[in-house]
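Single-structure report; data block below.
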Amino acid sequence: MARPLKLLIAEDDLEDASLLVHTLRQAGFDPDYEIVETLLDFKAALKKCPWEILVSDHTMPDFNAIDALRIIKDARIDLPMLIVSGTIDTQTVADTVLAGARHYISKADLEALVPVIEHELARTAEKRRSSPTPGRMGAEKELVDLNALLMKMVRPLRRLAGDAAHLVFLPKEGIAPICADVAQIQQIVISLCANASNATFGKGAILLETGDILVDERFARHHPPLKLGTYVVLSVTDTGVGMDEEALRRLVDPSAGAKPSGGGSGLGLWIVREFVRENDGHILVHSAPGRGTSIKIVLPVAS
């Protein structure tokens, strides 16, 4: 049986909105939706039925995603907002996500939206069970079984990577749980896999792994602000074109702006780095021209 979904869509391209609805129906949802194109219609729609998810393009005729986020926050409505947009620059993505959007997903990667929505629905249900106050804003961090989370994402990630790409998931059994924002971890994985797919031009190999590491004094000294202790490691490695030192710098510097040469989505690692920091982690990047890229996200185990 299809899962009902109260969905508000802010989108001025009806063809894109129809494709979004079709993708969700194919995934087993039964969307009860409304499409709004103007600020007036958006404000009116918020007063209607209690929406479960807001999916928004970044820019509409007379308002944008940051305007929508501000309105939602001012009204103290606990409504997860997911940005689904075409190509936009790194700084715009950074501003939108840091303003409170739960995810940014490219319109070319709509399949990646499915596990994100599933998690947001589960998160909202749990918050309502634990809080007697409707619409209350709460902490987003929770205990996370990283292997279980990634296992649910493998199928849409393979569609995201493309039919010609070879994405392999190698989980290490028995890793400890982490305390993290699940939506941010999902966004990290989606962004890294999308960048890896672009770097391999959709035809190479992508290895998604989990593991753990004991950080000793020597490792901590070379990788501040890591402290001594056990960490979980999430790794994404590709066989793509790789990057030189300048490209690596541009990936983590939003002020650099332009898309690095030799592949990559243009979104870069800056948003990933911000989310890693918010979850008390650390990011390690190893790459060289013609030798692919390996990105390791180091996250503390739950205390």
Inset, instruction - Please work out which one of (1) touching a helix residue (DSSP H, G or I) at 6+ places or on another chain (Cβ under 7 Å); (2) outside any helix (DSSP H, G or I); (3) closer than 23 Å to D109 by Cβ; (4) not basic (K, R) is the condition D16 fails and give its number. - result: (2)
Inset, instruction - Six or more apart or on different chains, Cβ under 8 Å: which pairs go from a residue in segment 1-21 that's farther than 14 Å from H58 by Cβ and in the same structural domain as A101 (by TED's automatic domain parsing) to one that's assigned to a helix (DSSP H, G or I) and of a type in the set (G, A, S)? Could you list them? - result: L8/A45
Inset, instruction - Could you tell me which numbered condition M151 fails, if it satisfies all but one of (1) within 27 Å of K203 (Cα to Cα); (2) modelled with pLDDT of 85 or more; (3) of a type outside the set (S, T, N, Q); (4) surrounded by 14 or more Cβ atoms within 10 Å (Cβ to Cβ)? - result: (4)
Inset, instruction - Determine the pairs where a residue that is assigned to a strand (DSSP E or B), located within segment 74-97, has a partner that is of a type in the set (S, T, Y) and at pLDDT below 85 with Cβ atoms under 7 Å apart, the partner being 6 or more residues away or on another chain. - result: I83/T96; I83/Y104
Legend entry - Failed condition for A45, given (1) without any contact (Cβ under 8 Å) to a residue 60 or more places away in the chain; (2) more than 27 Å from K127 (Cβ to Cβ): (2)
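Is segment 172-186 home to any residue that is under 21 Å from A27 (Cβ atoms), of a type in the set (D, E, K, R) and either crowded, with 23+ Cβ neighbours inside 10 Å or touching a strand residue (DSSP E or B) at 6+ places or on another chain (Cβ under 6 Å) (or both)?
At the first step, the residues of segment 172-186 found to be under 21 Å from A27 (Cβ atoms) are 182-183, 185-186.
Then keep just the ones that are of a type in the set (D, E, K, R); that gives none.
No, segment 172-186 contains no residue that is under 21 Å from A27 (Cβ atoms), of a type in the set (D, E, K, R) and either crowded, with 23+ Cβ neighbours inside 10 Å or touching a strand residue (DSSP E or B) at 6+ places or on another chain (Cβ under 6 Å) (or both).
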Inset, instruction - Count, please, the residues in segment 190-243 that happen to be crowded, with 24+ Cβ neighbours inside 10 Å, without any contact (Cβ under 8 Å) to a residue 60 or more places away in the chain and over 18 Å from the mean Cα position of the chain (by Cα). - result: 3
Legend entry - Test for F169: is it of a type in the set (F, W, Y) and in contact with a strand residue (DSSP E or B) (Cβ under 8 Å, 6 or more places away or on another chain): yes
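Any residue at all in segment 163-175 that is outside any loop (DSSP other than H, G, I, E, B), in contact with a Cys (Cβ under 9 Å, 6 or more places away or on another chain) and modelled with pLDDT under 95? Step through it out loud before you land on a result.
Of the residues in segment 163-175, the ones outside any loop (DSSP other than H, G, I, E, B) are 166-170.
Next, only the ones that are in contact with a Cys (Cβ under 9 Å, 6 or more places away or on another chain) stay: 167.
Subset that is modelled with pLDDT under 95: 167.
The answer is yes, given that some residue of segment 163-175 is outside any loop (DSSP other than H, G, I, E, B), in contact with a Cys (Cβ under 9 Å, 6 or more places away or on another chain) and modelled with pLDDT under 95.
Residues are listed down the side, and each one gets a yes or a no for (1) buried (at least 17 other Cβ atoms within 10 Å of the Cβ); (2) farther than 23 Å from P156 by Cα; (3) touching a Lys or Arg at 6+ places or on another chain (Cβ under 7 Å):
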site	(1), (2), (3)
G28	no, no, yes
I35	yes, yes, no
K43	no, yes, no
K47	no, yes, no
I71	no, yes, yes
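From the list D95, D145, which one is at pLDDT 75 or above, over 14 Å from the mean Cα position of the chain (by Cα) and surrounded by fewer than 19 Cβ atoms within 10 Å (Cβ to Cβ)? Let's see the steps before the verdict.
On the way: D95 fails: at pLDDT 75 or above.
Every option except D145 fails the conditions.
The values are calculated or read from the model by the stated rules, or taken from the named source; none is laboratory data. Predicted model only: the values in this text are computed from it and were never measured. Ideal geometry is used to build each Cβ from the backbone, glycine not excepted, and the neighbour counts take in all protein chains shown.
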